[in-house]
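This report concerns only the one structure given below.
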Amino acid sequence: MSENNRPLILIVDDNTYNIQVLGNILRENGFRTAVAQNGFEALNFLEKKLPDLVLLDIMMPQMDGYEVCERIKKEPDKAEIPVIFISVHTDTSEKVKAFRA
């Protein structure tokens, strides 16, 4: 499979360690990765390129993952991109909030 045919996953996290770990795992399993360290970078990236999946941290400064997800889902050309939240939260209310976003 050529480089451009491999699925592209956007990792959105403000923690560089998390980005490194996720990126390594994904690349080792044949995925291409892109990185955004905050919500604004993620939205800017999505204006230029549409990934096959977004891995999105919930707890980020300036704009949390919920807001980023809501902005993604409001855009018709981006609404179908799957988003998986990354979180240390175990609270049920936080999980419900993530599914609503």
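Taking the stated definitions as given, is residue 64 at pLDDT below 95 and of a type in the set (D, E, K, R)? Considered against the rule, which asks whether it is at pLDDT below 95 and of a type in the set (D, E, K, R), residue 64 comes out as yes.
This table checks each residue for (1) under 19 Å from residue 33 (Cα atoms); (2) modelled with pLDDT of 95 or more; (3) of a type outside the set (D, E, K, R).
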{"site": "50", "(1), (2), (3)": "yes, yes, yes"}
{"site": "55", "(1), (2), (3)": "yes, yes, yes"}
{"site": "68", "(1), (2), (3)": "yes, yes, yes"}
{"site": "71", "(1), (2), (3)": "no, yes, no"}
{"site": "88", "(1), (2), (3)": "no, no, yes"}
{"site": "91", "(1), (2), (3)": "no, no, no"}
{"site": "95", "(1), (2), (3)": "no, no, no"}
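If the condition is being open to solvent by less than 50 Å² (accessible area, probe 1.4 Å) and farther than 14 Å from residue 51 by Cα, then region 1-14 contributes only 13.
The values are calculated or read from the model by the stated rules, or taken from the named source; none is laboratory data. Note that the coordinates shown come from a computational prediction; the quantities given were computed from them, not determined experimentally. To get the accessible areas, we keep the full protein, side chains included, count just its heavy atoms, and leave off ligands, DNA and RNA. Shrake-Rupley method; radii C 1.70, N 1.55, O 1.52, S 1.80 Å.
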